[in-house]
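Taking it in order: structure first as structure tokens, then the write-up.
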Amino acid sequence: MNNKNRICLWYEYAALDAARFYAATFPDSTVDAVHHAPGDYPSGKEGDVLTVEFTVMGLPCIGLNGGPVFKHNESFSFQVATDDQAETDRLWSAIVDNGGQESACGWCKDKWGLSWQITPRVLSNAIASPDRAAAKRAFEAMMQMSKIDIAVIEAAVKG
């Protein structure tokens, strides 16, 4: 990878599995390179997959198989802007049904603990609306949801 800056994500031992899942699930996503450890290291042996270069929706990433020392948490997430309910449902289900878990307000975690915000553009636009009453109704509707229901957000905006 020739990018000067990329996101480094720490995995216990599953960077390649995660990269393959992201490449199969999200558009403009690929597994770009797999690098094996040239020697033993604290969490692995020579020849183990050490790093995986991959792209998630055009963003360059590197997955590091660093062992169980650090865990993902909600302080980092990918926010995916979706265009319709079908896309929202597909991506949400892909993550949750593959060993992930639902959270609130459009958030979910994949089975490796990485947080994702599956956020319809309709929601983002509603919350940023100059009509503050409509924005508040959309926000309050969102606060009651796990996966975002676009029809409910649109109804809340209309009042």
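General observations
- Scanning segment 86-100 for residues that are crowded, with 17+ Cβ neighbours inside 10 Å, in contact (Cβ under 8 Å) with a residue 40 or more places away in the chain and touching a helix residue (DSSP H, G or I) at 6+ places or on another chain (Cβ under 9 Å) yields Thr88, Leu91, Ala94, Ile95.
- Single condition Ile118 does not satisfy, out of (1) of a type in the set (A, V, I, L, M); (2) assigned to a strand (DSSP E or B); (3) over 12 Å from the mean Cα position of the chain (by Cα): (3)
- Considering residues of segment 34-71 that are at pLDDT below 95 and assigned to a strand (DSSP E or B) only, the residue farthest from the chain's Cα centre (by Cα): Tyr41
- Candidates Ser103, Ser124, Ser146, Ser75: the one that is free of Cβ contacts under 8 Å to residues at least 40 places away in the same chain and of a type in the set (S, T, N, Q) is Ser75.
- Screening Glu140, Glu102 for residues that are touching a Lys or Arg at 6+ places or on another chain (Cβ under 9 Å) and on the phi < 0 side of the Ramachandran plot leaves exactly one candidate, Glu102.
The values are calculated or read from the model by the stated rules, or taken from the named source; none is laboratory data. All values derive from a computational prediction rather than experimental measurement. Using ideal geometry, Cβ is built from the backbone for each residue, glycine included, and neighbour counts are taken over all protein chains shown.
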